[in-house]
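Next up is a structure, given as structure tokens.
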Amino acid sequence: MRGRLIAFEGADASGKSTQARRLAARLGVPLTFQFGATDIGGSIRRILLDPEHRELDDRAEALLVVADKAQHVAEIVGPALERGETIISDRFTASSLAYQGYGRGLDLQVLEDMMRFATHGIEPDLTVLLDVDLAVARQRLGDQIDRIEGAGAEFHQRVRQGYLEMAAEAPDHWLVIHAGGTVEEVAARVDAAVDDWLARHP
């Protein structure tokens, strides 16, 4: 029996990693992440985030991201689902559409086809989107930013809008959570929404 995949998505500094870790611990299920969860993915991550790599082409960036997803599914996500486990991932396929598609302006259909190839068609059963005002996210980031975090306000606004559009198109598989406030306040919203979704999708 196939397991269940829950993905957390959101802009940088939305708090998704903290909330993904929290929920995994509360539910007693494994937590993974993209990109960089595998040894090969770690090497890809270093290339993608290094601020010195300003010359990295947008299409090359997309290919590296998709390569990480393929390795992540082959080593971690796929085997967990085949064992019938529930697994939580900090980012999955939607992040590529948001960042490389809406953000960088690459063809969404091409990206979807590439990801379907990389992931064997695996999609999250539920995606939890932590949505936060960009000004709040920027304040949380501070001065230590990587190559993608430093892509500019217009880029990140397109990313946010892309996430919201995807969530609106598949309301039964997405939860949009307001990510402003304290960690505890956001956690309460996440817990209530996820528990309700799980009760409706046993």
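The values are calculated or read from the model by the stated rules, or taken from the named source; none is laboratory data. Just so you know, these numbers come straight off a predicted model, no measurement behind them. Methodologically, a virtual Cβ is constructed for each residue, glycine included, from the backbone with ideal geometry; neighbour enumeration extends over all protein chains shown.
Can you pull out every residue in the stretch 86-116 that is touching a residue at least 40 places away in the same chain (Cβ under 8 Å) and either of a type in the set (Phe, Trp, Tyr) or surrounded by fewer than 15 Cβ atoms within 10 Å (Cβ to Cβ) (or both)?
Within the stretch 86-116, 92, 99, 102, 105 meet the criteria.
Please determine, by comparing only the residues of the stretch 23-50 that are in contact with a Leu (Cβ under 7 Å, 6 or more places away or on another chain) and closer than 28 Å to residue 157 by Cα, which one is surrounded by the fewest Cβ atoms within 10 Å (Cβ to Cβ). Break it down into steps so the answer makes sense when it comes.
Quick first cut of the stretch 23-50, residues in contact with a Leu (Cβ under 7 Å, 6 or more places away or on another chain) only: 24, 35, 44, 47-48.
From what's left, closer than 28 Å to residue 157 by Cα: 35, 44, 47-48.
On the way: 35: 23, 44: 22, 47: 13, 48: 20.
Result: 47.
Further question on the same structure: Let me spell it out: the conditions are (1) over 19 Å from residue 129 (Cα atoms); (2) of a type in the set (A, V, I, L, M); (3) within 13 Å of the chain's Cα centre (by Cα), and residue 73 meets all of them except one. Which number is the exception?
Only one criterion in (1) over 19 Å from residue 129 (Cα atoms); (2) of a type in the set (A, V, I, L, M); (3) within 13 Å of the chain's Cα centre (by Cα) is unmet by residue 73, namely (3).
If we scan the stretch 172-181, do we find a residue that is modelled with pLDDT under 95 and assigned to a helix (DSSP H, G or I)?
No, the stretch 172-181 contains no residue that is modelled with pLDDT under 95 and assigned to a helix (DSSP H, G or I).
With the requirement that a residue be surrounded by 14 or more Cβ atoms within 10 Å (Cβ to Cβ) and closer than 19 Å to residue 6 by Cβ, what does the stretch 165-188 give you?
Correct list: 166, 167, 173, 174, 175, 176, 177, 179, 186, 187.
Could you check, for the stretch 67-80, whether at least one of its residues is at pLDDT below 95 and out of contact with any Leu (no Cβ under 6 Å at 6 or more places or on another chain)? Spell out how you get there, then give the answer.
Applying the first criterion (at pLDDT below 95) to the stretch 67-80 yields none.
No, the conditions are met nowhere in the stretch 67-80.
Between 13, 20, which is crowded, with 16+ Cβ neighbours inside 10 Å, at pLDDT below 95 and farther than 21 Å from residue 117 by Cβ?
Step by step, each of 13, 20 is checked, and only 13 is crowded, with 16+ Cβ neighbours inside 10 Å, at pLDDT below 95 and farther than 21 Å from residue 117 by Cβ.
Name the helices (runs of 4 or more DSSP H) wholly inside the stretch 1-111 in which the number of residues that are farther than 23 Å from residue 166 by Cβ is 1 or more.
Per the criteria, 16-27, 39-49, 58-72, 78-82.
Scan the stretch 1-48 for residues that are of a type in the set (A, V, I, L, M, F, W, C) and touching a residue at least 60 places away in the same chain (Cβ under 8 Å) and jot them down.
Scanning the stretch 1-48 gives 1, 5, 6, 7, 8, 11, 13, 20, 23, 24, 27, 48.
Additional query: Look through the stretch 144-168, keep the residues that are more than 14 Å from residue 14 (Cα to Cα) and among the charged types (D, E, K, R), and return whichever of them is modelled with the highest pLDDT.
My answer is 165.
Say whether the condition of being farther than 18 Å from residue 67 by Cβ, modelled with pLDDT of 95 or more and touching a Ser or Thr at 6+ places or on another chain (Cβ under 8 Å) is met by at least one residue in the stretch 125-142.
The answer is yes; a qualifying residue exists.
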